[in-house]
Amino acid sequence: MTKIEQVRAEMVTAMKEKNKPRKDALSMLLSVLKNKAIDKRADLTEEEENEVVLKEIKQTQETLDTAPAERTDIIDDCKYKIEVYKEFAPKFMSEDEIKATIQSVLDKLGITAPTAKDKGKIMKELMPLVKGKADGKLVNQLVSTFFGA
């Protein structure tokens, strides 16, 4: 079952339950997924669907961050949308899983004492393994902890 089908099924359930805020959030997510598929002129892969969901979460988070403090309606709406979108987001790797992946990349490259000069090589090998499964900023921070360790 694709994300579009999952979102549509959840939206129907929300309509039956007369849960307007949830229906609105799901409707927004569904339209973004459909538009991406239309732009591509083909069905989306699971990875592309995950990218779209994560992008929506990020954009909604930015809206939440820039909303004035006195606009509690916007803040509450954004928080609710993020919670709904997270139901469809891919499960992220834990810090321990990322560290284990970093260590396996270091072993593969034969690097025992990584330095800042090795960061490019490490990231080049690492990012395809964690793309869509971990936050890039977190991965970057964790790689930096291996330097001089």
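None of the figures in this text is laboratory data; all of them are computed from the coordinates on show. Values in this document were obtained by computation on a predicted structure and should not be read as measured data. Counting neighbours? That spans all protein chains shown, and the Cβs are built from the backbone with ideal geometry, glycine included.
Summary of values
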| item | result |
| --- | --- |
| Cβ-Cβ FRET estimate between Glu70 and Ser94, R0 fixed at 35 Å, reported to 0.05 | 0.40 |
| Whole-Å semi-axes of region 3-86's equivalent ellipsoid (Cα gyration tensor) | 23, 17, 9 |
| Shape box of the chain [Cα atoms, principal axes, largest first, Å] | 58, 42, 25 |
| Contact order relative to length of the chain, as percent, for alpha carbon pairs under 8 angstrom and 6 or more apart | 20 |
| Whole-Å semi-axes of region 95-145's equivalent ellipsoid (Cα gyration tensor) | 16, 11, 10 |
| Candidates per trypsin sites (Lys or Arg not before Pro) in region 1-69, loop by DSSP, up to 11 other Cβ within 10 Å | Lys18, Arg41 |
| Rounded to the nearest 20 debye, dipole of the chain from Cβ charges on Lys, Arg, Asp, Glu | 280 |
| Theoretical ellipticity at 222 nm over the chain - DSSP helices of four or more residues, -39500 (n - 2.57) apiece, nearest 500 | -24000 deg cm²/dmol |
| Student exercise, region 1-60 dipole from Lys, Arg, Asp, Glu Cβ charges, in Debye to nearest 20 | 380 |
| Region 33-79: GluC sites (Glu not before Pro) falling in loop per DSSP and having at most 16 other Cβ within 10 Å | Glu70 |
